[in-house]
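What follows is a single structure, written as structure tokens, with notes after it.
The numbers here are math on the coordinates, done by the rules we state, and not lab data. The shown structure was predicted, so the numbers you read here are calculated from the model rather than taken from an experiment. Positions of Cβ are generated from backbone atoms using ideal geometry, with glycine treated the same way; all protein chains shown enter the neighbour counts.
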Amino acid sequence: MKYFFSAILLLSSLFILGQPKNGSESAMNSIRKIFNSYKQLSENIDSKDNKEVFTKSIKSLKTVNNQKDLLLLVDVWMYYDPTDFPTRELVEPIFFDNKSATLTAIKNRIKNKQKWERKDKAPYAELYSLKAALAK
């Protein structure tokens, strides 16, 4: 009987570990990869493929309550700005669907601003407008 339960436990753990990441996690990984690449290039352009993957990934997200993911989306909202790409239009519905968690993320982002970011300069200054819109 001991061997039977050990075998069941081993097989179930292998089954669980072998499962692919859920869609939300995979989408966030794609967004993170594209955004980090975009930041490194410091340009206002991005490839058509990246834009397509980014769009598909954002649209696949439903509920985002994880603070790390929301902080990434706040940074994306502020700084992912390839030419003729509707970043904010894609990301804002996620924020409004997850108002409470997003407000917490924005408060944390404001509290932990970068040295070069200024309250009177976009896009950092726009966080305050986003925060007010979400608080309504």
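Of all residues in the stretch 74-129, which are within 14 Å of the chain's Cα centre (by Cα), part of a loop (DSSP other than H, G, I, E, B) and more than 21 Å from Lys33 (Cβ to Cβ)?
Residue satisfying the conditions is Asn98 alone.
For residues that are free of Cβ contacts under 8 Å to residues at least 12 places away in the same chain and over 15 Å from Ala132 (Cβ atoms), tally how many sit in the stretch 101-120.
Residues of the stretch 101-120 free of Cβ contacts under 8 Å to residues at least 12 places away in the same chain: 111-120.
Among the residues that remain, those that are also over 15 Å from Ala132 (Cβ atoms) are: 111-118, 120.
Of the residues in that region, 9 qualify.
Quick check: anything in the stretch 32-47 surrounded by 13 or more Cβ atoms within 10 Å (Cβ to Cβ), under 21 Å from Ala122 (Cβ atoms) and among the β-branched types (Val, Ile, Thr)?
Yes, the stretch 32-47 has at least one match.
Restricting the stretch 73-98 to residues that are buried (at least 16 other Cβ atoms within 10 Å of the Cβ) and aromatic (Phe, Trp, Tyr), which is farthest from Thr63 (Cα to Cα)?
Phe85
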